[in-house]
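Working notes, structure below.
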Amino acid sequence: MNVTINGEPATVEPGRTIAAVVPNVGVFCAIGVCHGCLVTVNDVPDVRACQRVLREGDEVITR
Amino acid sequence: MTIVVVGAGPAGVNAAVTAARAGKDVLLIDSAARIGGQYHRQSFRAKEIRVAHERVRHLPDTTVWAIEDNRLHLTGSRVVTAEKLILATGAYDRTLPFPGWDLPGVYTAGAAQAMAKGQGIALGRNVIVAGTGPFLLPVASSLLDVGAKVRVFEANSPSHRWLREPTALFAGRRKLLELTRYAKVARHYRERTAVIAAHGDDRVREVTVAELDDNWNPLRQKRIAVDAVCVGYGFVPQLELAIAAGCRLSDGFVAVDEQQRTSVPWIFAAGEITGVGGADLAADEGVIAGAAAAGVQLGLTVDRRFADALTRVYAVKDGWKSWLTDDTIICRCERVTRHRLQEATGRGATATRAVKLASRAGLGPCQGRICGATVADLLDLDPTTFARRPIATPIPLGDLAANPVEEQ
Ligand SMILES: Cc1cc2nc3c(=O)[nH]c(=O)nc-3n(C[C@H](O)[C@H](O)[C@H](O)COP(=O)(O)OP(=O)(O)OC[C@H]3O[C@@H](n4cnc5c(N)ncnc54)[C@H](O)[C@@H]3O)c2cc1C
Ligand code: FES
């Protein structure tokens with residue numbers, strides 16, 4: 001599956017969360033509670049990287 | 001008649017299936033993509049396990065963010081009307097602050113578990129798991145399974161303390177047997193020890209580990225090199241929906257009777273929001289709640305003696321407050337230090353709301369979920385007052401504005 005992370009193309013296994021493929025995204029709880037891992041996905045801000053499973057074509061921007 | 005169950009962990013799934021077997025239509029709602037909750041978290045690589053009952057409809061990736069009378073607001077601009085409601089929203093890790101806990105590489109114990117079980121990823125190669133509770137053992141075990149080097153520091157001394165709980169030990173023998181699965185952790189396990197500081201510039205590189213006295217005041221200390229630290233000091237129940245619905249609380253959890261009925265006649269609660277006792281107890285409570293909501297008396301009761309003893313054996317002791325310095329972060333979201341928190345109370349803020357407004361602790365994106373228990377403990381406030389949130393989860397603004405669609 002193909003996505004872009006901060007503009008860079010990346011190939012990921014289906015079922016991966018953003019937190020699993022993007023290091024240093026601010027993960028603390030990994031279960032959606034702490035909101036430390038917020039990223040922008042397809043122009044939607046404040047998406048929790050630990051909860052969001054990547055989909056084909058997703059464009060992820062980390063802070 | 002539709003019974004709505006919120007939360008698809010051991011409690012919620014058992015409640016849903018039991019009510020369905022009694023002939024009711026059940027809507028099972030969970031924020032996650034798959035059922036299982038925390039304990040039965042499914043790996044993304046494994047074939048999906050679903051609820052096998054035609055009367056249970058599972059709504060995945062859906063968060064209930066508000067309750068108004070018997071209408072539940074769901075993400076995706078949907079609402080649902082519940083005739084009976086079963087809350088099984090579970091709990092999340094409690095963490096205690098210490099100098100450096102805001103460095104990258106410091107996680108909750110649950111984070112290590114969720115990443116290992118769900119994604120097959122070790123949060124570090126050389127990991128310390130620290131805190132209190134039997135939960136540290138499965139966490140360490142999962143980390144070993146994904147190839148990490150692990151050390152476990154338990155702040156209490158359960159191996160002695162349990163000897164004073166013979167009745168509870170007998171009641172909990174099933175759970176204890178489960179813990180023997182983690183025997184491989186024993187070699188890496190120490191009691192009366194805690195991580196009291198983390199060090200590093202860009203991320204955690206070393207920690208200060210201290211032997212503790214009975215009240216958790218640090219005794220002998222040493223520094224150890226690590227690349228990740230996972231801390232868990234028990235659990236905080238996810239109370240906001242129960243509070244919003246007006247359910248009475250007791251000792252920080254949702255108060256229920258033997259039928260898992262809350263103080264609100266059409267609402268039931270099961271699992272860790274009613275008290276922390278592990279997945280088996282949560283599942284049993286779910287069965288009882290599902291039957292009761294369907295109007296069936298099972299004549300079953302749960303044995304809470306083991307769960308009650310857990311809170312005594314693995315109690316958080318006040319000495320942790322001596323680990324803090326003036327500039328230790330208390331609220332991660334708003335970067336509020338202990339000093340700023342004390343300044344706020346010095347200016348006369350004593351109730352939770354006033355403390356939050358004066359210090360900003362608890363006003364960030366997590367809405368006090370992480371710091372609430374800490375602030376409450378430091379300032380002698382009721383921790384459940386931090387779960388009074390108008391909206392149970394930060395939701396996209398579009399969901400607030402749109403005309404919601406009725407979910408059948
Ligand atoms: C990260 C983590 C990992 C754990 N791993 C283990 C383990 O390996 N072994 C062990 O013995 N114990 C573990 N525990 C302890 C565990 O909480 C219990 O043993 C058990 O899972 C509790 O079951 P439950 O049904 O009460 O709640 P949970 O299993 O926590 O399930 C609650 C469910 O409710 C959902 N939910 C909550 N609020 C909403 C809402 N507003 N809208 C929609 N859905 C909602 C959540 O997504 C979740 O799936 C873990 C706890 C945590 C926090
Ligand atoms: S890591 Fe806590 S919300 Fe994602």
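Go through the stretch A:2-19 residue by residue and turn each phi into a ³J(HN,Hα) via Karplus (6.51, -1.76, 1.60, θ = phi - 60°); whole Hz please, and just put x for glycine and proline.
10, 9, 10, 10, 6, x, 8, x, 8, 10, 10, 5, x, x, 6, 7, 4, 4
With θ taken as phi - 60° and the coefficients 6.51, -1.76 and 1.60, list the Karplus ³J(HN,Hα) couplings across the stretch B:254-259 in order, rounded to whole Hz; mark glycine and proline as x.
6, 7, 9, 8, 5, 9
Based on the Kirkwood radius over alpha-carbon pairs, what is the Stokes-Einstein translational diffusion coefficient of chain B at 20 °C with 1.002 mPa s viscosity, in µm²/s? Could the numbers behind the result be given before it?
Values: Rh = 22.1 Å.
Translational D for this selection: 97 µm²/s.
May I ask you to derive the relative contact order of chain B, considering only C-alpha pairs under 8 Å and at least 6 residues apart, and to give it as an integer percent?
Relative contact order, chain B: 20 percent.
Mind checking which of B:H53, B:H188, B:H160 has the largest fluctuation in a GNM of chain B, springs on alpha carbons under 10 Å?
Of the options given, B:H160 has the highest mean-square fluctuation.
Just list whichever of B:K117/B:K317; B:K117/B:K356; B:K149/B:K222; B:K117/B:K184 have alpha carbons separated by over 24 Å in the model shown. Before the final figure, lay out each step's value.
Working: B:K117/B:K317 30 Å; B:K117/B:K356 35 Å; B:K149/B:K222 19 Å; B:K117/B:K184 18 Å.
Going by Cα-Cα distance, B:K117/B:K317; B:K117/B:K356 fall outside the 24 Å limit.
Taking the Cα centre of chain B as the origin, how large is its charge dipole in debye, to the nearest 20, when only Lys and Arg (+1) and Asp and Glu (-1) carry charge on their Cβ atoms?
Around 920 debye, computed over chain B.
With θ taken as phi - 60° and the coefficients 6.51, -1.76 and 1.60, list the Karplus ³J(HN,Hα) couplings across the stretch B:222-236 in order, rounded to whole Hz; mark glycine and proline as x.
8, 9, 10, 7, 8, 10, 7, 10, 10, 10, x, 10, x, 10, 10
Using amide H atoms built 1.01 Å from N in the peptide plane, name the residues 5+ places from B:L27, or on other chains, whose amide H lies under 5 Å from its own.
B:I3, B:V4, B:V5, B:R57
So who's got an amide H within less than 5 Å of the one on B:I121, skipping anything under 5 residues away but keeping other chains? H placed 1.01 Å off N, in plane.
Here the answer is B:A116, since their amide H atoms fall under 5 Å of that of B:I121.
Between B:C230 and residues 5 or more places away or on another chain, which pairs have amide H atoms under 5 Å apart, with H built 1.01 Å from N, and which residues are they?
B:Y107, B:I128, B:V129, B:A130
Roughly speaking, what % of Cα-Cα pairs in the protein assembly as shown are separated by over 37 Å, rounded to a whole number?
Details: 26374 of 110685 pairs.
Tail of the P(r) past 37 Å holds 24 percent of the pairs.
None of the figures in this text is laboratory data; all of them are computed from the coordinates on show. Note that the structure is a prediction, hence the values are computed from the model and not measured. Cβ coordinates were reconstructed from backbone atoms using ideal geometry, including for glycine residues, and neighbour counts include every protein chain displayed.
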